[in-house]
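The values are calculated or read from the model by the stated rules, or taken from the named source; none is laboratory data. Predicted model, so just to flag it, every value in this text is computed and none were measured. Glycine also receives a Cβ, built like all others from the backbone with ideal geometry; neighbour counts cover every protein chain displayed. Accessible surface is based on the protein model in full, side chains and every heavy atom, while ligands, DNA and RNA are left aside. Shrake-Rupley method; radii C 1.70, N 1.55, O 1.52, S 1.80 Å.
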Amino acid sequence: MWPKTLLMAESLASKLRGRILIDVESHGEAWYVNPSNLQRYYLGRPADAFSIMRQLGLGISNKDFDSFAGTAPRRLSGKILIKTEDLGKAYYINPLDLKLHYLGRPADAFALMRKFGLGISVNNLAQLPIYGGSSQVVSTQMERNIADLINQERTSRGLQALKWNEDIAAVARQHSADQARQDADLINQNKLCSYPFIHHEGIDFGIYQSERLNNKGVYYFSASAENIALIPRISGSQYTGNVAPIDCQSQLNQLNSSFQTRVKSTDDELQKIQMVTEEINKRKELVNLSPSINIINTYYNTSAEIEKQAVTGWMNSPGHRQNILTPDYDEAGIGIAEVEGYYIITQVFIKKAACGYQGGACCTKPNYLPYCYIPLGCSTNVCQ
């Protein structure tokens with residue numbers, strides 16, 4: 001299961017440089033193909049689209065701007081111009097007619113997306129490289145869709161729906177993005193087998209989800225949990241190469257099982273982190289040793305199929321299922337990152353605390369002194 005060749009991606013990206021693309025087979029997600037690097041940028045909500053398009057702008061003087069008389073030269077096709085001498089006003093140059101369109105507010109950017117957006121299939125969109133190299137945090141719409149599917153599982157069993165928490169989602173996105181960066185060297189489209197790796201143990205900003213929440217300023221919980229899924233966007237592929245058949249999935253399952261056994265054998269945090277690092281290095285070597293192949297055709301899952309696979313996989317796993325159906329959890333967030341044709345999906349759950357978190361009121365109990373959750377202390381009735 002591998003992406004198409006880079007040569008095909010560059011060819012399509014060149015044809016679509018500067019265009020705004022709408023994923024017509026998924027949820028209407030919008031992307032902008034930056035003419036400067038031919039990478040696609042997820043536009044998201046109106047405010048996100050407005051911010052991204054302005055960030056990618058090219059500075060221009062009033063004199064040069066006025067010389068265009070409303071129509072830009074072909075060399076600027078698809079670019080965004082920023083009038084540096086006029087309050088930083090931004091304009092998008094439509095590649096179809098080279099006309100300039102003012103980006104005054106987030107609503108203007110959203111209207112422009114819908115007016116000039118070009119429909120594109122999942123297969124063609126997947127050929128375009130995503131900004132950020134081999135890994136990138138992706139669609140917030142997919143995150144919300146998965147959250148809705150999770151809540152359907154809960155409410156169908158009489159449980160309260162989980163409230164979406166954007167602070168928690170940011171922590172989940174960071175963990176997914178960190179793992180995507182680690183996985184970039186574990187996936188190679190020109191090799192028969194790749195060995196992607198997901199794990200709960202964080203290396204960069206907290207080994208456990210509770211620590212990662214704290215490190216991002218989230219203290220208002222008395223319990224937390226985390227689910228992670230690795231879902232391929234590629235459903236299958238055809239390749240050529242004089243190689244003997246290998247059961248890559250069986251090898252990957254054995255690697256995952258062996259790692260889980262080892263990491264659960266110790267409570268030492270430094271040892272756990274060392275195990276993660278060693279596992280990444282081992283899988284890099286296995287990818288290098290895997291036979292080379294030449295991809296000739298690739299087939300892709302839709303976003304809806306990926307969302308369903310993630311939730312179905314969690315519900316079929318006892319530990320993940322327990323997290324989803326724990327009545328005490330009342331808030332959650334989901335974060336997704338993509339790396340070389342795979343989605344890493346993290347969901348973090350919390351039980352919201354009424355007191356005892358940093359900056360909140362001290363918890364009280366009859367005949368006991370006021371207290372806060374460790375390691376916070378109570379001072380002047382405030383946890384700090």
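A few comments on the model shown:
- Test: residue in the stretch 177-185 that is at pLDDT 90 or above and of a type in the set (A, V, I, L, M, F, W, C): no
- Matching residues, the stretch 187-214, being open to solvent by 10 Å² or more (accessible area, probe 1.4 Å), under 17 Å from Ala169 (Cβ atoms) and touching a residue at least 40 places away in the same chain (Cβ under 8 Å): Gln209
- Condition met for Ser11 (modelled with pLDDT under 90, open to solvent by 30 Å² or more (accessible area, probe 1.4 Å) and of a type in the set (Ser, Thr, Tyr)): yes
- Extreme residue, surrounded by the fewest Cβ atoms within 10 Å (Cβ to Cβ), among residues of the stretch 275-330 that are assigned to a helix (DSSP H, G or I) and acidic (Asp, Glu): Glu285
- Yes/no for Ser51 being modelled with pLDDT of 90 or more, open to solvent by 40 Å² or more (accessible area, probe 1.4 Å) and out of contact with any Cys (no Cβ under 6 Å at 6 or more places or on another chain): no
- At least 2 residues being touching a residue at least 12 places away in the same chain (Cβ under 8 Å) and farther than 30 Å from Glu307 by Cβ is the threshold, and among the strands (runs of 3 or more DSSP E) wholly inside the stretch 11-124 those reaching it are 58-60, 80-83, 89-93, 100-102.
- Taken over the stretch 172-216, the residue count meeting the criterion of being in contact with a strand residue (DSSP E or B) (Cβ under 7 Å, 6 or more places away or on another chain) and part of a loop (DSSP other than H, G, I, E, B) is 7.
- Being touching a Lys or Arg at 6+ places or on another chain (Cβ under 7 Å), open to solvent by 40 Å² or more (accessible area, probe 1.4 Å) and of a type in the set (Ser, Thr, Tyr) is not true of Thr155.
- Of the numbered criteria (1) open to solvent by 50 Å² or more (accessible area, probe 1.4 Å); (2) over 25 Å from the mean Cα position of the chain (by Cα); (3) under 19 Å from Lys15 (Cβ atoms), the one Leu118 fails is (2).
- Selection status of Glu285, touching a helix residue (DSSP H, G or I) at 6+ places or on another chain (Cβ under 6 Å) and acidic (Asp, Glu): no
- Residue, surrounded by the most Cβ atoms within 10 Å (Cβ to Cβ), within the stretch 19-40, restricted to residues that are of a type in the set (Ser, Thr, Tyr) and either over 17 Å from the mean Cα position of the chain (by Cα) or under 14 Å from Lys79 (Cα atoms) (or both): Tyr32
- Those residues of the stretch 217-256 which are farther than 27 Å from Gln309 by Cβ and in a loop (DSSP other than H, G, I, E, B), in sequence order: Gly217, Val218, Tyr219, Tyr220, Gly241, Asn242, Val243, Ala244
- Set side by side, the residues Gly341, Gly359, Gly333 differ, and just one is open to solvent by 20 Å² or more (accessible area, probe 1.4 Å) and of a type outside the set (Phe, Trp, Tyr), which is Gly359.
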